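Taking it in order: structure first as structure tokens, then the write-up.
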Amino acid sequence: MHVAIIMDGNGRWAARRGLPRTAGHAQGAKAVRRIVEAAARAGIETLTLYAFSCDNWGRPAGEVAALLRLLRRYLLGETRYCAENRVRVNVIGRRDRLSPDLLRAIEFSERTTAKGSRLHLRIAVDYSARHSILQTARRALSGDASGEEMEFLRLMDEVNHSTLATEGVDLLIRTGGEKRLSDFLLWECAYAELYFTDCLWPDFDANGLDQALHDYAGRQRRFGRLPDAVDAAL
Ligand code: FPP
């Protein structure tokens with residue numbers, strides 16, 4: 001099962017406490033640790049987290065720097081835990097605008113956890129689904145790619161620096177009360193079930209994830225076909 005999460009609400013969590021937005025992001029990073037543990041326990045195979053979008057560069061420089069610092073610290077601090085718990089880390093997104101420090105942390109984390117097979121943790125950094133689809137289409141047109149969907153997906157993995165084959169998202173969770181996709185995994189979410197919660201990301205915990213999984217278990221996925229019962233009766 002592939003679960004993807006738009007971790008929204010850090011800023012509001014901080015504002016409600018009279019704290020700077022960066023304190024919300026720091027608290028959000030703690031929630032990431034909780035949810036990674038909970039996801040592994042729940043048997044989720046792939047977890048993709050939206051940490052920093054291409055559009056996030058438009059935030060104030062101080063907030064951007066704090067977010068990227070936090071990411072680097074997270075990668076350096078959590079790699080050991082991930083390796084010990086068979087969590088394979090992969091940072092997806094653009095790499096051409098990240099600092100050498102952050103790139104080194106990404107490479108270190110991916111290398112050290114490469115054998116992890118319990119949970120694939122994908123962290124989207126400088127990520128834009130539209131950008132990745134556009135780049136993939138450009139590559140497909142310029143090379144001798146067959147034009148088949150599998151080949152397109154392989155190119156998309158290259159563009160995204162994905163060390164694992166692109167797979168469809170089964171469940172997309174967005175915290176923080178907004179109901180939009182914000183340029184996240186647009187291709188992969190073609191048949192995703194969507195789950196929105198008002199809970200702000202720093203407050204999201206294992207119970208929140210369980211609720212989302214419970215809700216998902218009650219959905220009937222048809223992928224454009226008829227429900228099984230109807231299908232069989234025809
Ligand atoms: C959206 O909340 C959240 C982000 C733009 C950043 C998400 C980052 C983290 C959860 C922490 C770092 C991540 C990792 C993987 C260590 P917002 O700031 O837009 O909140 P608001 O809508 O309340 O203003």
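The values are calculated or read from the model by the stated rules, or taken from the named source; none is laboratory data. Here the structure is a predicted model, which is why all the values come from computation and not from measurement. Heads up, the Cβs are rebuilt from the backbone with ideal geometry, glycines too, and the neighbour counts pull from every protein chain shown. Calculation scope for accessible area: heavy atoms of the full protein, side chains included, ligands and nucleic acids excluded. Shrake-Rupley method; radii C 1.70, N 1.55, O 1.52, S 1.80 Å.
Things to note:
- Database remark: amide H of L49 closer than 5 angstrom to the amide H of I5, R122, I123, A124 (H placed geometrically; neighbours at sequence offset of 5 or more, or on other chains; Pro and chain starts carry no H).
- Estimated FRET transfer efficiency when R0 is 30 angstrom, pair T163-R222 (beta carbons, to 0.05): 0.45
- Hull-based mean projected area of the chain, where the convex hull spans the alpha carbons, in square nanometres: 14.3 nm²
- Between L200 and G176, the built amide H atoms are under 5 Å apart, and every one of these is 5 or more places off in sequence or on another chain.
- Taking amide H as placed 1.01 Å from N in the peptide plane, L185 has its amide H under 5 Å from the amide H of A129, each at least 5 places away in sequence or on another chain.
- Accessible-area composition of the chain, carbon plus sulfur, in percent [1.4 Å probe]: 50 percent
- Over the chain, dividing the summed -39,500 (n - 2.57) contributions of all DSSP H runs of at least 4 residues by the number of residues returns a 222 nm mean residue ellipticity of -15000 deg cm²/dmol.
- Each residue of the stretch 155-172 was assigned a 3J(HN,Hα) from its phi angle through the Karplus curve 6.51 cos²θ - 1.76 cosθ + 1.60 (θ = phi - 60°); the sequence is 5, 5, 4, 4, 4, 7, 6, 7, 8, 10, 5, 4, 10, x, 7, 8, 9, 10 Hz, with glycine and proline shown as x.
- Here the ratio of the Cα radius of gyration of the stretch 113-225 to 2.2 N^0.38 Å is 1.22.
- What separates the Cα centres of the stretch 56-83 and the stretch 201-227 is a distance of 28 Å.
- Paramagnetic label zone (point 7 Å from Cα along Cα-to-C-beta, I133; backbone N under 16 Å) in the stretch 163-189: 167-169, 180-189
- Taking every protein chain into account, the accessible area of the stretch 54-202 amounts to 51 square angstrom per residue (probe 1.4 Å).
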